[in-house]
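J.: Questions regarding the structure given below will be posed in turn.
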Amino acid sequence: MIDRAQQHQAFTMKVKALLERIYGPDSLEPLLEQLFELLHPHFADSISENLYKWSQDNILLITYGDTIRPLNDKPPLATLNHFLQTHLQDVVTGVHILPFCPFSSDDGFSVIDYKAVNPELGTWEDIQQIAQSFELMADLVLNHVSSQSQWFQNYLQGAEPGRDYFVEVDPEADVSSVVRPRSSPLLVEVETLAGPKHVWATFSADQIDLNFANPAVLLEFAKILLFYVQMGSKYIRLDAIGYLWKRLGTSCIHLPETHAMVRLLREILEMVDPSVALITETNVPNRENLSYFGNRNEAHLIYNFSLPPLILNALLQGKAEHLKTWMMSMPPAPLGCAYFNFTASHDGIGLRPTEGLLTETEYQTLLQCMEDFGGTLSMRTNAEGIDSPYEINISFFDALRGTAKGKDQWQIERFICSQTIMMSLEGIPAFYIHSLLATHNDWENVHRTGRKRSINRHQWSLPDLEQQLVDETSPHAIVLKGLTRLIKVRRQQDAFHPNATQYTLHLPNQALFAFWRQSMARDQSIFSIHNLSDCQQKLKLSDLNLVTIDPWYDLISGSCIRGIYDTLLLEPYQSLWITNKFEGLEADGQTCTLGVETDNG
């Protein structure tokens, strides 16, 4: 246990330079003392970095609190907990409950009160019940706040707190260089007690950007961060963090002050609870996204935003070319950091991460296929003032209804292949609940809300969902059962640790996407191989360079591999996890159910 003086010294060493970088030297000392007085009662016994927050056992679920609706008066969060306990207790280890605070728009991302739970969902007790069995991820929506929040209402009246919490801009100012994720106006005119003002609103007129150049805003969010940790959060997701700092004449995205703020929040978490992980949400091209690892001192986790469109394109085209190019460009995550892998989320499939990766022909084919399979496109205004596609709005299950050739009979197999690729890659896998449930496009929801993203935000009634899951012929039951089995197998493999070695394999057959994972102790190898096509494909095991002294086994089919020079036949969209270590799993030493075409051994 360290005393107060030691805490103050350690705190000053960690944050003083960051505060000066963000706010300059003039008001540094008072701010430093305010922040210390706020945090020091909550300091952990040892202020040291935890480099081992995760293992191959970590699997997350992404869901809204009311994705599963009860028929009785039971709160949706209690119903969600019931579903988790019944179906996913031994499957996922953590749950990202999308914004659960009172809100005014954007399905939760326009927060009215950060410290309250939306009464239509339940209570903090319901949240903590889930957090007792599953590691909780909470959203810290810090770029903007609801126009109905008390802060903004105070701003309109010239009252505190809130009077100086927002960014006022001259409507004649040149904002053309500002990077926009939407086509809505950047500036919103509002009527204040002092007359009409124009305030910054990156996402919508109801989501007013906060002014982090005011240190009081930082202190407010430090309090909220502490509160979320106290309520059991093990992951803190920084929503839309890239747009945090504003400076006219710049792009106002990924500015140095924004990166310094991420570093500061990380330092705060590590002083308060080193087991908590900070995750940045930056739906931007890959190089920009990678910058949020910093020098191993910013985000613990970053969303792997390139994955959804690249996996989708690979399965539409039936070839591994762009996935391989992307994989080779991805540096291993630094120690203490990891990639956050996903294929679907509450938002659409972002297209900016494909920039510089897909050919124009493939890009246009991707867009056309998504519309053919029941999806739609959302637009944003680019730097030239032209509207261009920003994201695809579609259920990821329905996005794989076919290929570039059209719809076919392989939707379930193709979809499970996509999820198997995702959970095989370096990083922590996260499954959107509608991926585990193979939920279709919900156009009725789109028409009801008037929002394109609602297509992938279906709300199941619990009885209807349970009825589908007991029907073994329904796609919902088939996918959940299949993915559950794969996830449970994956969780036992040391070579699937989020930081285990990953190496791209260059097979001559472009329909096969293959890579090698090796455990950190170097005692387990897994060759992860995926047929991206709707045809049988041949795999020459000699191309993998399997070591002759080890027995080899496919974790997915449950089959041994007798000859390391065999040629295997992979069925359409079949995946293999070929490993030399399978303790705890039952290998069939007598039969081999893999398709063997020849045996040259």
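J.: Can you tell me which residue among Pro196, Pro215 is under 28 Å from His40 (Cβ atoms) and surrounded by fewer than 21 Cβ atoms within 10 Å (Cβ to Cβ)?
T.: Working: Pro196 fails: under 28 Å from His40 (Cβ atoms).
From the options Pro196, Pro215, the qualifying one is Pro215.
J.: Quickly run through region 72-122 and pick out the residues that are small (Gly, Ala, Ser), closer than 17 Å to Leu136 by Cβ and open to solvent by 20 Å² or more (accessible area, probe 1.4 Å). Explain how you work it out, then say what you get.
T.: Quick first cut of region 72-122, residues small (Gly, Ala, Ser) only: 78, 94, 104-105, 108, 110, 116, 122.
Pick out the ones that are also closer than 17 Å to Leu136 by Cβ and you get 78, 94, 108, 116, 122.
Once the filter is applied, which keeps residues that are small (Gly, Ala, Ser), closer than 17 Å to Leu136 by Cβ and open to solvent by 20 Å² or more (accessible area, probe 1.4 Å), region 72-122 yields Ala78, Ala116.
J.: Tell me the residue from Gln510, Gln467 that is open to solvent by 60 Å² or more (accessible area, probe 1.4 Å) and either out of contact with any helix residue (DSSP H, G or I) (no Cβ under 7 Å at 6 or more places or on another chain) or among the basic types (Lys, Arg) (or both), please. Before you say what the answer is, go through the steps one by one.
T.: On the way: Gln510 fails: either out of contact with any helix residue (DSSP H, G or I) (no Cβ under 7 Å at 6 or more places or on another chain) or among the basic types (Lys, Arg) (or both).
Gln467 is the lone residue from the list that is open to solvent by 60 Å² or more (accessible area, probe 1.4 Å) and either out of contact with any helix residue (DSSP H, G or I) (no Cβ under 7 Å at 6 or more places or on another chain) or among the basic types (Lys, Arg) (or both).
J.: Another question about this same structure. Looking for whichever is among the hydrophobic types (A, V, I, L, M, F, W, C), modelled with pLDDT of 95 or more and in a loop (DSSP other than H, G, I, E, B) here; the options are Leu142, Leu156. Which one fits? Talk me through it step by step, then tell me what you get.
T.: Details: Leu156 fails: in a loop (DSSP other than H, G, I, E, B).
Leu142 is the lone residue from the list that is among the hydrophobic types (A, V, I, L, M, F, W, C), modelled with pLDDT of 95 or more and in a loop (DSSP other than H, G, I, E, B).
J.: What number of residues within region 230-249 are within 30 Å of Glu172 (Cα to Cα) and surrounded by 17 or more Cβ atoms within 10 Å (Cβ to Cβ)? Spell out how you get there, then give the answer.
T.: Restricting attention to region 230-249, the residues satisfying the condition of being within 30 Å of Glu172 (Cα to Cα) are 239-249.
If we keep only those that are surrounded by 17 or more Cβ atoms within 10 Å (Cβ to Cβ) as well, we get 239-246.
Total meeting the criteria: 8.
J.: While we're on this one: If you scan region 558-579, which residues turn out to be among the hydroxyl-bearing types (Ser, Thr, Tyr) and buried (at least 17 other Cβ atoms within 10 Å of the Cβ)? Break it down into steps so the answer makes sense when it comes.
T.: Within region 558-579, the subset among the hydroxyl-bearing types (Ser, Thr, Tyr) is 559, 565, 567, 573, 575, 579.
Scanning region 558-579 gives Ser559, Thr567, Tyr573, Ser575, Thr579.
J.: Please go through region 210-240 and pick out each residue that is of a type in the set (D, E, K, R) and in a strand (DSSP E or B).
T.: Applying the first criterion (of a type in the set (D, E, K, R)) to region 210-240 yields 220, 223, 234, 237, 239.
Listed by number, the residues that qualify are Lys234, Arg237.
J.: Quick test for you: out of Leu480, Leu462, pick the one residue that is touching a residue at least 12 places away in the same chain (Cβ under 8 Å) and open to solvent by 20 Å² or more (accessible area, probe 1.4 Å). Walk me through how you get there before you give the answer.
T.: Numbers: Leu480 fails: open to solvent by 20 Å² or more (accessible area, probe 1.4 Å).
Every option except Leu462 fails the conditions.
J.: Just to be sure I understand, how many residues within region 76-123 are hydroxyl-bearing (Ser, Thr, Tyr) and not in a loop (DSSP other than H, G, I, E, B)?
T.: In the first step, residues of region 76-123 are kept if they are hydroxyl-bearing (Ser, Thr, Tyr); the result is 79, 86, 93, 104-105, 110, 114, 123.
From what is left, the residues that are not in a loop (DSSP other than H, G, I, E, B) are 79, 86.
Summing the residues that are hydroxyl-bearing (Ser, Thr, Tyr) and not in a loop (DSSP other than H, G, I, E, B) in region 76-123 gives 2.
J.: Among the helices (runs of 4 or more DSSP H) contained in region 422-507, which hold 1 or more residues that are touching an Asp or Glu at 6+ places or on another chain (Cβ under 8 Å) and not acidic (Asp, Glu)? Lay out the reasoning, then the answer.
T.: Details: elements: 433-436, 443-449, 462-470, 475-490.
Qualifying helices (runs of 4 or more DSSP H): 475-490.
J.: From the list Phe513, Phe496, Phe527, which one is among the aromatic types (Phe, Trp, Tyr), closer than 20 Å to Asp90 by Cα and in contact (Cβ under 8 Å) with a residue 12 or more places away in the chain? Steps first, answer last, please.
T.: Values: Phe513 fails: closer than 20 Å to Asp90 by Cα; Phe527 fails: closer than 20 Å to Asp90 by Cα.
On inspection, the qualifying residue turns out to be Phe496.
J.: Only one of (1) part of a strand (DSSP E or B); (2) of a type in the set (D, E, K, R); (3) touching a residue at least 60 places away in the same chain (Cβ under 8 Å) is not met by Lys197, so which one is it?
T.: The number of the failed condition is (3).
J.: If you go through region 21-53 one residue at a time, how many are open to solvent by 40 Å² or more (accessible area, probe 1.4 Å) and not in a helix (DSSP H, G or I)?
T.: 10
J.: For region 179-193, enumerate the residues that are in a loop (DSSP other than H, G, I, E, B) and open to solvent by 20 Å² or more (accessible area, probe 1.4 Å).
T.: Taking region 179-193 and keeping what is in a loop (DSSP other than H, G, I, E, B), we get 179-186, 193.
Val179, Arg180, Arg182, Ser183, Ser184, Pro185, Leu193 - these are the residues of region 179-193 that are in a loop (DSSP other than H, G, I, E, B) and open to solvent by 20 Å² or more (accessible area, probe 1.4 Å).
J.: I'd like the full set of residues that are open to solvent by less than 20 Å² (accessible area, probe 1.4 Å) and under 30 Å from Asn499 (Cα atoms), limited to region 400-425.
T.: Leu400, Arg414, Phe415, Cys417, Ser418, Gln419, Thr420, Ile421, Met422, Met423, Ser424, Leu425, listed by residue number.
J.: Return the pair list, or none, for Cβ contacts closer than 6 Å from residues in region 356-381 that are under 22 Å from Pro181 (Cβ atoms) to residues that are among the basic types (Lys, Arg) and open to solvent by less than 80 Å² (accessible area, probe 1.4 Å), at least 6 apart or on different chains.
T.: Arg380/Arg180; Arg380/Arg182; Thr381/Arg180
J.: Every residue in region 382-397 that is assigned to a strand (DSSP E or B) and open to solvent by 40 Å² or more (accessible area, probe 1.4 Å), please.
T.: So the first thing to find is which residues in region 382-397 are assigned to a strand (DSSP E or B), and the list is 387-393.
Hit for region 382-397 is Asp387, nothing else.
J.: Go through (1) under 23 Å from the mean Cα position of the chain (by Cα); (2) modelled with pLDDT of 95 or more and name the single condition Tyr390 misses.
T.: (2)
J.: What residue, among those in region 524-551 that are touching a helix residue (DSSP H, G or I) at 6+ places or on another chain (Cβ under 7 Å) and either among the polar types (S, T, N, Q) or surrounded by fewer than 19 Cβ atoms within 10 Å (Cβ to Cβ) (or both), is farthest from Gln493 (Cα to Cα)? Write out each step before concluding.
T.: Start the filter on region 524-551 by keeping residues that are touching a helix residue (DSSP H, G or I) at 6+ places or on another chain (Cβ under 7 Å), which leaves 524-528, 530, 532.
Then keep just the ones that are either among the polar types (S, T, N, Q) or surrounded by fewer than 19 Cβ atoms within 10 Å (Cβ to Cβ) (or both); that gives 524-525, 528.
Working: Gln524: 8, Ser525: 9, Ser528: 12 Å.
Once the filter is applied, the top-ranked residue is Ser528.
J.: Which condition from (1) assigned to a helix (DSSP H, G or I); (2) more than 21 Å from Gly318 (Cβ to Cβ); (3) in contact (Cβ under 8 Å) with a residue 24 or more places away in the chain is the one that Cys417 breaks?
T.: Failing condition for Cys417: (2).
The values are calculated or read from the model by the stated rules, or taken from the named source; none is laboratory data. On a predicted model such as this, the values are computed, not experimentally measured, just so you know. Every residue, glycine as well, gets a Cβ built from its backbone with ideal geometry; the counts of neighbours run over all protein chains shown. Heads up: the accessible areas ignore ligands, DNA and RNA and are worked out on the full protein's heavy atoms, side chains in. Shrake-Rupley method; radii C 1.70, N 1.55, O 1.52, S 1.80 Å.
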